[in-house]
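Have a look at the structure below, then the notes.
The values are calculated or read from the model by the stated rules, or taken from the named source; none is laboratory data. Since this is a predicted model, take the numbers as computed values, not measurements. Methodologically, a virtual Cβ is constructed for each residue, glycine included, from the backbone with ideal geometry; neighbour enumeration extends over all protein chains shown. Surface areas here come from the heavy atoms of the whole protein model, side chains and all, with no ligands, DNA or RNA. Shrake-Rupley method; radii C 1.70, N 1.55, O 1.52, S 1.80 Å.
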Amino acid sequence: LAGVNSIEHGSFLSADTLKLMKERGTYLIPTLMAPDSLMPNLAKFPPEIAAKAVAANESISKTFAEAVKLGVKIGFGTDSGVSKHGENAREFRLMVKHGMSPIAALRAATSVDAELLGLAKSIGTLETGKLADLVAVPGDPVADIAATERVVFVMKEGVVVVPKRS
């Protein structure tokens, strides 16, 4: 009700809050990787923390599926302070696993995030006049969203950065 632009995590959002987010155009940045990344290591945490991580992981899958069903704007974020750096693309796989189409997941990380950040005039889509920021993966990420985890080419503002030029 205060007019926030986005809610990050949102693990325990109610159906009423999701409906309000849809009405107001509030974005959800689910960071599915955050609780998911904790699951293999629960024994390393105090019991209270482990229980909250399990509850968050179970709840976010339901919350996320409901947000997708309602048409809430969903952006892409990973909270890589919790998950391992460099594995951020696994978020795509989790988004698809929990009910988002592959193309919607790809848009979440590109045009939707650009819109949320107020940068859609310069990034988020491939168009004349915009910065040429792009990645290439082997295969078709719409057919196999895990392809996003195998980046072979990166261009930043029109300059190839991976593979590096000799």
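Considering (1) open to solvent by 50 Å² or more (accessible area, probe 1.4 Å); (2) assigned to a helix (DSSP H, G or I), the lone condition that residue 56 does not fulfil carries the number (1).
Taking the conditions exactly as written (under 24 Å from residue 4 (Cβ atoms), out of contact with any Leu (no Cβ under 6 Å at 6 or more places or on another chain) and surrounded by fewer than 19 Cβ atoms within 10 Å (Cβ to Cβ)), does residue 113 satisfy them or not? So residue 113 does not fit the description; no. Does residue 19 fit the bill of being of a type in the set (Lys, Arg), farther than 19 Å from residue 149 by Cα and either surrounded by fewer than 19 Cβ atoms within 10 Å (Cβ to Cβ) or free of Cβ contacts under 8 Å to residues at least 12 places away in the same chain (or both)? Yes. Tell me yes or no: at least one residue of the stretch 139-155 is of a type in the set (S, T, N, Q) and either surrounded by 13 or more Cβ atoms within 10 Å (Cβ to Cβ) or in contact (Cβ under 8 Å) with a residue 12 or more places away in the chain (or both). Yes: one or more hits.
Looking across the stretch 141-153, just one residue is touching a helix residue (DSSP H, G or I) at 6+ places or on another chain (Cβ under 7 Å) and over 12 Å from residue 105 (Cβ atoms), and that is 149.
Candidates are the residues of the stretch 117-135 that are over 18 Å from the mean Cα position of the chain (by Cα) and hydrophobic (A, V, I, L, M, F, W, C); the one that is least open to solvent (accessible area, probe 1.4 Å) is 132.
When 7, 60 are checked against the criterion of being at pLDDT below 95 and either among the hydrophobic types (A, V, I, L, M, F, W, C) or more than 17 Å from the chain's Cα centre (by Cα) (or both), 60 stands alone in meeting it.
Applying the condition of being open to solvent by 50 Å² or more (accessible area, probe 1.4 Å) and acidic (Asp, Glu) to the stretch 67-102 and asking which residue is nearest to residue 149 (Cα to Cα) yields 87. As a summary of the residue check, residue 2 satisfies the conditions (1) under 13 Å from the mean Cα position of the chain (by Cα); (2) open to solvent by 30 Å² or more (accessible area, probe 1.4 Å); (3) over 21 Å from residue 147 (Cβ atoms) except for the one numbered (1).
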